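Let me begin by presenting the structure, written as structure tokens, before commenting on it.
The values are calculated or read from the model by the stated rules, or taken from the named source; none is laboratory data. What you see is a predicted model, and the numbers here were worked out from it, not measured in a lab. For neighbour counting, all protein chains shown are included, and Cβ atoms are generated from backbone atoms with ideal geometry for every residue, glycine included. Side chains included, ligands, DNA and RNA excluded: accessible areas come from the protein's heavy atoms. Shrake-Rupley method; radii C 1.70, N 1.55, O 1.52, S 1.80 Å.
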Amino acid sequence: MTNLNPLRGCNQPGLAKEARIKTPSLPTPQWLSQKFSLPQHGMVLILLMGLLNGLLYTFLIPAWWHYDEPGHFEYVWVILHKTALPSMQDVDETMRQELAASLEEYRFYEFQSAIYRPQAGQPAWIGIPQLVNLPLYYWYVSLPLRLFPCLGFAAQNYLIRLATLGLMLATLQLSHATMKEVTLAGHPLRWMIPAFLALLPGFVELMTSISDDAGAVFTFSVFLLFATRLIVRGFQWRSLAGMLLGVAMCLLTKNTVWISLPAAGLVLLFTLLRGRWQWAAWALGGLAIALGLLLSIRWGDAASWFPANGAEETIRSLQKSHSGQASLRVSPQNEWVAQAIPPEVMRPQRSQTLTFSGWVWSAVPQNTRLPIVAADVPGVPVFRGGESIPTDTEPRPFTFTVFIPQETGRVIVTLPAAETAVFYDDLALSAVSGENLLRNPSAEAAWFGSALEKNLGNLRIGGFNWSATLATLQEPQVSRALRERTFWQLIETFWGQPAKNYVPMLGGRRMYQMLAALTGALLLLGLAAWAKNRRISAVFFVWVGLGALSWFQTFTRGASELGNPLDFIVPYARYSAPVILISGWALASGWLQAADWLKKPQWALPGFLAFLFSLNLFALLSVLQFFVFPNGEIYLILFALVFSASLGFLLTQTSSPTSG
């Protein structure tokens, strides 16, 4: 019976060091044996495979065709020419004009709105600025450019990509070292995970781009290696220093890996409290999680409404109302408070004129903007309201009309903030039938809201809106369309949709549907592998917790888009790329469990590699079709590849002429 407890035998007197270190920590099928181990120099082969694959993605995808590459490049340029700590005040318009010329040469503006294309005498638009980012990744990739200062912008782009590829190769080696900490000698996961990373199109594309997400992957991988080593081997000063170094690098790279800081505290609990004190580590860990929930959630916010930013006070006020007991409060810190009305509610109201009415007052006399009603129409949304009126401490009524175009999908009602708090009551978006289309229009109903701002101060973390996240969780029917869009975009970008999502995999929607089904099946099988062992080791707990937290924050990253009338901007899988080792471990464990259930262990590993090679080939052929062979020639190449592979297989099977 395989020992699945990482704490049993660790640091016990009389136990050999090798036995302590090699105690497995993760559940795996019992049929695995030495014949599936990594061959001699096998990791070198995986690194070479990763290098070759990375070079293909580096040069097949044209310059500037990755997520926000021009903005990331601008950050590096500012480091080289102005300051080591860039800000938005360091924008250089001359440089942007030169960069825009390079972007135009590489068809960057081809898929952008005409208003963003370069125009004489106008500031150049180079995409979303990145000068507010953290600096560590950009310091690293600026190093090779110091050796070649005279290269053109496009050549510098490729040079930075090659520097990022170096981080990918280092991550492959780190993943191998991490899996050695939690598996027995000869275990296939030791090479399956690095191979998975080397051949996964979505990951390789990210790690061959200019992006601080790639830096986040590397820094978190450093943290995860030493954190795992501390749990498995016990306290070692070298491992502690490595983990703290990883945390420091994460804090200087990107907010998506700030979870390493609280995770380090949890790791130290499991490291220091071992043996008969193990129960205390679990108890303190559970207490910390409970305390975190208590500090982040409070009851009393207005149901069905959510702010752009949280504030110390809830948006549900019990101080004063026009009718009932409560009213809506919009604080200056909130910026705005919104409610989304889903398309199925608005569909019967299309091509009709509705009335918006309510009561408004403010904390002090001031000018206050009326609510804004935005109809989500393809192209350009239709806005009504927003006029400024004088308000004081006494409620006053207002009313205006809203025409709902035939093409309307959602409708977003936004309550703008002012210099001081503004209060609303008895709001109504009245249909022709008299029905109020707003939910909880007087804030009488309450639900859970964010307490982070009250307990921890005014947090501003890019892409993170805890209030909106809680709203989507408590009103799932309203956020259904957002969740569906997010789910499919995460599936597509995790497995591979290169070049800023513009290059779909050959096979299109059907391909991603099959990959989604495969993902679900492998995760369920991985869960079954754990249920079969029915043990939760410290490593298992930390890994699953980090993976779940990372994917949760990625999935809910676009929650505030419920208040965006310009259509959803949903997150990409790159925000969870730092936990790629954990994601790969979950999927690979499911793959091994499938082979165990099918009683075909000899198929497991060849099938795993064949699947990854095929998927990666499809992604590369998709890139070639989009950029090089747009007229369908790619299918001739695919035919030639299949023909060559089939012919080679048949020839190898023919050992001697058939006798008569």
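Any residue at all in segment 171-188 that's open to solvent by 10 Å² or more (accessible area, probe 1.4 Å), part of a helix (DSSP H, G or I) and either farther than 26 Å from L261 by Cβ or aromatic (F, W, Y) (or both)?
Pass one, segment 171-188, residues open to solvent by 10 Å² or more (accessible area, probe 1.4 Å): 173-174, 176-177, 180, 184-187.
Of the ones still in play, those that are also part of a helix (DSSP H, G or I) are 173-174, 176-177, 180.
Imposing the further condition that a residue be either farther than 26 Å from L261 by Cβ or aromatic (F, W, Y) (or both) reduces the set to none.
The answer is no, given that none of the residues of segment 171-188 is open to solvent by 10 Å² or more (accessible area, probe 1.4 Å), part of a helix (DSSP H, G or I) and either farther than 26 Å from L261 by Cβ or aromatic (F, W, Y) (or both).
Of V257, V330, which residue is surrounded by 20 or more Cβ atoms within 10 Å (Cβ to Cβ), closer than 30 Å to T408 by Cβ and touching a Phe, Trp or Tyr at 6+ places or on another chain (Cβ under 9 Å)?
On the way: V257 fails: closer than 30 Å to T408 by Cβ.
Among V257, V330, only V330 is surrounded by 20 or more Cβ atoms within 10 Å (Cβ to Cβ), closer than 30 Å to T408 by Cβ and touching a Phe, Trp or Tyr at 6+ places or on another chain (Cβ under 9 Å).
So, in segment 610-636, of the ones that are in a helix (DSSP H, G or I) and without any contact (Cβ under 8 Å) to a residue 24 or more places away in the chain, which residue ends up farthest from the chain's Cα centre (by Cα)? Steps first, please.
To start, the set of residues in segment 610-636 that are in a helix (DSSP H, G or I) comprises 610-627, 634-636.
Those left that are additionally without any contact (Cβ under 8 Å) to a residue 24 or more places away in the chain: 610-611, 614, 635-636.
Values: A610: 27, F611: 24, S614: 25, Y635: 33, L636: 36 Å.
Checking each candidate, the answer is L636.
So G152 ticks every box in (1) out of contact with any Gly (no Cβ under 8 Å at 6 or more places or on another chain); (2) open to solvent by less than 40 Å² (accessible area, probe 1.4 Å); (3) not aliphatic (A, V, I, L, M) but one. Which box is left unticked?
(2)
Could you please give the count of residues in segment 315-327 that are open to solvent by less than 50 Å² (accessible area, probe 1.4 Å) and hydrophobic (A, V, I, L, M, F, W, C)?
Adding up the residues that qualify gives 2.
Considering (1) open to solvent by 30 Å² or more (accessible area, probe 1.4 Å); (2) part of a helix (DSSP H, G or I); (3) in contact (Cβ under 8 Å) with a residue 24 or more places away in the chain, say which one A264 fails and leave the rest.
Looking at each condition in turn, A264 falls short on (1).
Inspect all residues belonging to segment 92-99 and state whether any of them is of a type outside the set (D, E, K, R), outside any loop (DSSP other than H, G, I, E, B) and open to solvent by 60 Å² or more (accessible area, probe 1.4 Å).
Filtering segment 92-99 for residues of a type outside the set (D, E, K, R) gives 94-95, 97, 99.
Then drop every residue that is not outside any loop (DSSP other than H, G, I, E, B), which leaves 94-95, 97, 99.
Imposing the further condition that a residue be open to solvent by 60 Å² or more (accessible area, probe 1.4 Å) reduces the set to 94, 97.
There is at least one residue in segment 92-99 that is of a type outside the set (D, E, K, R), outside any loop (DSSP other than H, G, I, E, B) and open to solvent by 60 Å² or more (accessible area, probe 1.4 Å).
Residues of segment 607-637 being open to solvent by less than 40 Å² (accessible area, probe 1.4 Å) and under 30 Å from L592 (Cβ atoms), which ones?
Within segment 607-637, G607, F608, L612, L615, N616, A619, L620, L621, S622 meet the criteria.
Suppose we keep only residues that are under 22 Å from W237 (Cα atoms) and in contact (Cβ under 8 Å) with a residue 24 or more places away in the chain within segment 269-313. Which one would you say is farthest from the chain's Cα centre (by Cα)? Please lay out each step first, then the result.
Taking segment 269-313 as the starting set, the residues that turn out to be under 22 Å from W237 (Cα atoms) are 269-275, 277-278, 281.
When the remaining residues are screened for being in contact (Cβ under 8 Å) with a residue 24 or more places away in the chain, the result is 270-272, 274-275, 278, 281.
Values: F270: 28, T271: 29, L272: 32, R274: 34, G275: 37, Q278: 33, A281: 30 Å.
It comes out as G275.
Okay, residues lined up against (1) part of a strand (DSSP E or B); (2) more than 23 Å from S323 (Cβ to Cβ); (3) open to solvent by less than 50 Å² (accessible area, probe 1.4 Å):
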position	(1), (2), (3)
W359	yes, no, no
V380	no, yes, no
P390	yes, no, no
T408	no, yes, yes
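If you take the residues in segment 483-515 that are open to solvent by 10 Å² or more (accessible area, probe 1.4 Å) and under 30 Å from A311 (Cα atoms), which one is farthest from the chain's Cα centre (by Cα)?
Of all residues in segment 483-515, those open to solvent by 10 Å² or more (accessible area, probe 1.4 Å) come to 483-485, 487-494, 497, 500-502, 504, 506-511, 513-514.
Going one step further and asking which of them are under 30 Å from A311 (Cα atoms), we end up with 483-485, 487.
Working: R483: 14, E484: 15, R485: 14, F487: 11 Å.
The residue in question is E484.
Do we find that M249 is modelled with pLDDT of 95 or more, in a helix (DSSP H, G or I) and either open to solvent by less than 10 Å² (accessible area, probe 1.4 Å) or at positive phi (or both) in this structure?
Details: modelled with pLDDT of 95 or more: yes; in a helix (DSSP H, G or I): yes; either open to solvent by less than 10 Å² (accessible area, probe 1.4 Å) or at positive phi (or both): no.
Answer is no for this residue.
Determine, yes or no, whether Q602 is modelled with pLDDT under 85 and among the polar types (S, T, N, Q). Even if it seems obvious, please write down each step before you answer.
Working: modelled with pLDDT under 85: yes; among the polar types (S, T, N, Q): yes.
Yes.
What residue, among those in segment 557-586 that are closer than 16 Å to H187 by Cβ and hydrophobic (A, V, I, L, M, F, W, C), is surrounded by the most Cβ atoms within 10 Å (Cβ to Cβ)? Quick ask: steps written out before the conclusion?
Start the filter on segment 557-586 by keeping residues that are closer than 16 Å to H187 by Cβ, which leaves 581, 584-586.
Filter once more, keeping what is hydrophobic (A, V, I, L, M, F, W, C): 581, 585-586.
Details: L581: 27, W585: 25, A586: 21.
The qualifying residue surrounded by the most Cβ atoms within 10 Å (Cβ to Cβ) is L581.
Take L80 and decide whether it is in contact with a helix residue (DSSP H, G or I) (Cβ under 6 Å, 6 or more places away or on another chain), at pLDDT 95 or above, surrounded by fewer than 22 Cβ atoms within 10 Å (Cβ to Cβ) and in a helix (DSSP H, G or I).
Working: in contact with a helix residue (DSSP H, G or I) (Cβ under 6 Å, 6 or more places away or on another chain): yes; at pLDDT 95 or above: yes; surrounded by fewer than 22 Cβ atoms within 10 Å (Cβ to Cβ): yes; in a helix (DSSP H, G or I): yes.
Here the answer is yes, as L80 does meet what is asked.
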